[in-house]
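Everything below concerns the one structure shown next.
Read-outs: derived from the displayed coordinates by stated rules, not from any lab. Quick caveat: nothing in here was measured; it's all calculated off a predicted structure. Reconstructed Cβ throughout: ideal geometry from the backbone, glycine too, with neighbour counts over all protein chains shown.
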Amino acid sequence: MTNEDMKSCIAGRLRLARERAGLSQAQVAKMLGLSRPAVSEMEAARRNVSAHEIAQLAEIYGVDLPWVACQEGNSIDKQKDRLELAARELAKLKPEDLETLMALLSTLRRNE
């Protein structure tokens, strides 16, 4: 993976993880002590993100550092990344809530 591909991968994962966490760029900027445009620049791959910032963001978003750093599943596949984040969220559910969600998904598939 080239340096530009790596920057693009990290930027995409930062944005996806932030959105999945339900946070705005302004909220994240405040947590990091940065400006909102700085966060926007990170997510657009127009600003280098330090290792320390990546670690902070992974913690804020509740995701694994290797995933954000594109060391885990390092291909740029937005659909796969979304599914991986969804699976991590599903793993946090109580068993009864997971069963309810699985029943809902089954119903949705039958209605297609």
Would you indicate which of [x] 1.03; [y] 0.97; [z] 1.20 is the value of Cα Rg over 2.2 N^0.38 Å derived from the coordinates of this structure? [z]
Distance in Å, no decimals, from the C-alpha centre of segment 48-67 to the one of segment 9-38 is 10
Per DSSP helix of 4 or more residues, -39500 (n - 2.57); summed, then divided by the residues of the chain. What does that give at 222 nm, rounded to the nearest 500? -22000 deg cm²/dmol
On a 0 to 90 degree scale, rounded to 10, what angle separates helix 3-21 from the longest Cα axis of the chain? 50
Among E89, E4, which comes first, then next, by fewest other beta-carbon atoms within 10 Å? E4, E89
Spatially close lysines, pair count over segment 3-110: Cα under 28 Å, gap of eight or more or interchain: 9
Could you run the Karplus curve 6.51 cos²θ - 1.76 cosθ + 1.60 with θ = phi - 60° over segment 31-40 and give me ³J(HN,Hα) per residue in whole Hz, x for Gly and Pro? 4, 8, x, 10, 8, 4, x, 5, 5, 4
